[in-house]
Structures are given as structure tokens and as C-alpha cells.
Amino acid sequence: MDAEPEHSEGHTGKRRRRDPQASREAILNAARAELNEHGYGRMTIRSVAARAGVTHGLVMRHFGTKERLFLAAIPGPQQLDTALAGDSATLAERIAQAYVERMEAADSDDPFVALIRSAAANDPTANRLYSAMQEYSTAAYRAVLDGPDVDARVDLLAAVLLGVTFSRYIVREGALASMEPSALSTHLADLLRPLVQPRHAGPADAGHAAGPTSPCPSAG
């Protein structure tokens, strides 16, 4: 049988059984709450397990490490897969819209925003986590982009999004910070279009449209 062992007492004080998907969702919700309240450095597997009402071992069974749990708890990577799937002619617009929608829904306690802020301060743990997120995003972009200099274009695309994140959602000053989300999405799509559809790409490259493969996972 695939049933999981009985869960430990959590914040509700009750012992429960859940199916694997429900257990995973409960753990992810608990991880997001712990990240918002305590940050990555003070979040522990045991605190997440206690909040979710599951055992420490069950969290490890689903995610393996604290780093993997963090990356799974951030919605950006999963949203990226959705944005990349579809017609290559509108890829820049989909990436821009998905990014803006994701970031406009974030707040100052958002795990991704907190991660970028910590990475900017040269926090070693944050830098390692950011690198892991970038590896996931890079693999996803490479799965759908063709043409020359694809690696350089992927890095430039990530740099554009990182710069907007820092200016609009962390510094929060200037014209970029006050821009309407719809206008930001339009300008961002214009910036990204030459990177995802380079003008010197041949017809076969420009017409390439495939959904991302399943790279391994973390807006980014």
C-alpha cells in the first residue's frame, strides 16, 4: 500500500493521516509560513514538520534537504514552466506577464524577495540558494530557446529580471517602482523579445515552439 505512516501531533494537536499529495501541500504551506516568520536561516525541518502536523522523517522523504524544501516552496520555478510552454511568437509576453504577476503578488516577507535581498548582502547561504534557482531557470529556458549565443541570452534575460526585482521590489524608488503593472509588463516584454527571438535567428529557429522538459527546481 502507498499509505503514509501516521503523522505526528502538529499545531492542531491532532494525529492525522493524509495522502501523499495532501502531505506535500501541507509541508509546503508550513515551509512558506516558517520562511515568512523566521527566514531561511532560522527555519528548520523540525519546525516545518511541527507546523504541518507531520513527522521530521516525512518531510525528508518528500524533499530530502532543507534547500530542496525551500526551492519547492517558492512558486516562481513552477510558474516559469507554465509560462514557457506555448507558441514561441508570444514567449516574451508570457515571461513578462508571469514575472509581473508573481512579483506584484509578493510582499516584503516573500521568500524570493528575502532571498535576493540576502544575496545582495553576500550571504553565503542565500548565494547558494540563488545559484540553485538560477540553474533550474537556465535549464528551463534552454529547453525552449534556439539560435546563436543561447547561453549568453539566457544569462542576459536573468540579469534583466534580477535588475527589475531589485529596483522595483527591494529599493522601491524611481519611475520603475511607480510604474503600472501593465506598463511594466509591456516594457519588459519589449526588452526580452530580442533575447528570446534574436533577429539574426533563421526561420527554423524563430518558429521553434516547444514546452520545457522537466529540469530538475526556483522567481526565477
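The values are calculated or read from the model by the stated rules, or taken from the named source; none is laboratory data. As the structure is a prediction and not an experimental result, all values here were calculated from the model. Here Cβ is always computed from backbone atoms with ideal geometry, including for glycine, and neighbour counts include all displayed protein chains. Surface areas here come from the heavy atoms of the whole protein model, side chains and all, with no ligands, DNA or RNA. Shrake-Rupley method; radii C 1.70, N 1.55, O 1.52, S 1.80 Å.
Provide the per-residue ³J(HN,Hα) series for the stretch 91-107, in order, calculated from phi with Karplus coefficients 6.51, -1.76, 1.60 and θ = phi - 60°, each as a whole number of Hz, with x at glycine and proline positions.
Rounded to whole hertz, the list is 4, 4, 5, 5, 4, 4, 5, 5, 5, 5, 4, 5, 6, 5, 7, 7, 10.
With each pseudo-label sitting 7 Å past Cα toward Cβ, what's the residue 159-residue 186 distance in nm, one decimal?
The answer from the label model is 2.7 nm.
Taking a 1.4 Å probe, which of 118, 182 shows the most accessible area, and what order do the others take after it? Numbers along the way, then the final one.
Working: 118 45, 182 85 Å².
Sorted by accessible area, descending: 182, 118.
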